[in-house]
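The values are calculated or read from the model by the stated rules, or taken from the named source; none is laboratory data. Everything numeric here is computed off the predicted structure, so don't read it as measured data. Neighbour counts run over all protein chains shown; Cβ positions are idealised from the backbone, glycine included.
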Amino acid sequence: MSFYALIPAAGSGSRMGGVIEKQYLPLNSVPMIAHAIRVLAREPRLSKIFVVLAPADQRWGTYAWQDWEARIDVLRCGGTTRAETVLNGLDALSAICDADDWVLVHDAARPCLPDDMLAKLLDEVADDPVGGLLAVPVADTLKRAAAEPASGTRAEATVPRAGLWQAQTPQMFRHGMLLQALRAAGSDMTDEASAIEKMGLQPRLVESDSRNLKVTYPQDLELAGLILHWPRLRCACAGRRPQVHHRRRRYSPRSGLGRPFRRRRAAARDQRRAAWGGRAGRHRPPLSG
């Protein structure tokens, strides 16, 4: 049994509103897809990383991928939708994959996947009979918009959030099962778990956190850059306190940092004076008797 990763990267990212395909947008000086590949390449259990590009993609070859060249295979068989791109990639993998091999499908637009979340997914799903995906319990209040509002967009009802989860990637399923599910589901599936669910199966939900955001709009790109750059922010998104190592500083009697020390020294002096009958100095009080 082997583990493979597949990154569908044939989309245009029209909601970003730019001329460059979303996966190639610069993020901290490198294309966004490079961050997604980097995390997968650090996981030793993954035998290979397959990147599915559009047949006419001309940007991939303009970047240097030497650091991961042995770990990456490029498949130029992307389709017009995500589901079609993943299905074409799985068809291409049939030559090397067994039906029971695991395939982790990961978005090129999720550059902040933490290493520990990837390892957690592999650990929890490797023995699952169905497969699973990273997901986050929904925390916000959800509103359903009215179908035909009289003026502007109107809230029609509040949707109970109990039991609702926000799907992320990677989504991890066996090659044979996922290939069969996507062929039967059609090209309108927005993620792989939806196709598995249509077969009557229940994928495992592995709890993730908000660091693993998907870059959809321009402001998301800025937030992803901050998460990748600042360890303190990465810890805050994960809900834990950062480990900060402070340098030891020497207290100086002439600075404000030395005031607690001076207060303690003055208190000790006052205690000595009281014990010696108010006499100051280093002389001890006379012995009685």
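Give all pairs with beta carbons closer than 8 Å in which a residue from region 214-228 that is on the phi < 0 side of the Ramachandran plot meets a residue that is of a type in the set (Phe, Trp, Tyr) and surrounded by 14 or more Cβ atoms within 10 Å (Cβ to Cβ); count only pairs at least 6 apart in sequence or on separate chains.
Listed by first residue and then by second, the contacts come to nothing, as the list is empty.
Could we say that Trp165 is in contact (Cβ under 8 Å) with a residue 24 or more places away in the chain, over 19 Å from Leu179 (Cβ atoms), surrounded by 11 or more Cβ atoms within 10 Å (Cβ to Cβ) and hydrophobic (A, V, I, L, M, F, W, C) here?
Against the criterion (in contact (Cβ under 8 Å) with a residue 24 or more places away in the chain, over 19 Å from Leu179 (Cβ atoms), surrounded by 11 or more Cβ atoms within 10 Å (Cβ to Cβ) and hydrophobic (A, V, I, L, M, F, W, C)), Trp165 qualifies.
Could you tell me which numbered condition Ala99 fails, if it satisfies all but one of (1) surrounded by 14 or more Cβ atoms within 10 Å (Cβ to Cβ); (2) of a type in the set (Gly, Ala, Ser); (3) at pLDDT 90 or above; (4) more than 20 Å from the chain's Cα centre (by Cα)?
Condition not satisfied by Ala99: (1).
Within region 215-245, restricting attention to residues that are touching a helix residue (DSSP H, G or I) at 6+ places or on another chain (Cβ under 7 Å) and within 30 Å of Val103 (Cβ to Cβ), which residue is modelled with the lowest pLDDT?
Per the stated criteria, the residue is Arg234.
Since Gly200 meets every condition but one in (1) closer than 25 Å to Leu87 by Cβ; (2) small (Gly, Ala, Ser); (3) surrounded by 15 or more Cβ atoms within 10 Å (Cβ to Cβ), which condition does it not meet?
(3)
Answer with yes or no whether Leu25 is buried (at least 17 other Cβ atoms within 10 Å of the Cβ) and closer than 30 Å to Pro129 by Cα.
No: the conditions fail for Leu25.
Considering only region 140-158, state which residues are surrounded by 10 or more Cβ atoms within 10 Å (Cβ to Cβ) and not polar (S, T, N, Q).
Leu142, Lys143, Arg144, Ala145, Ala146, Pro149, Arg154, Ala155, Glu156, Ala157
Is it the case that some residue within region 40-53 is of a type in the set (Phe, Trp, Tyr) and within 22 Å of Leu90 (Cα to Cα)?
Yes.
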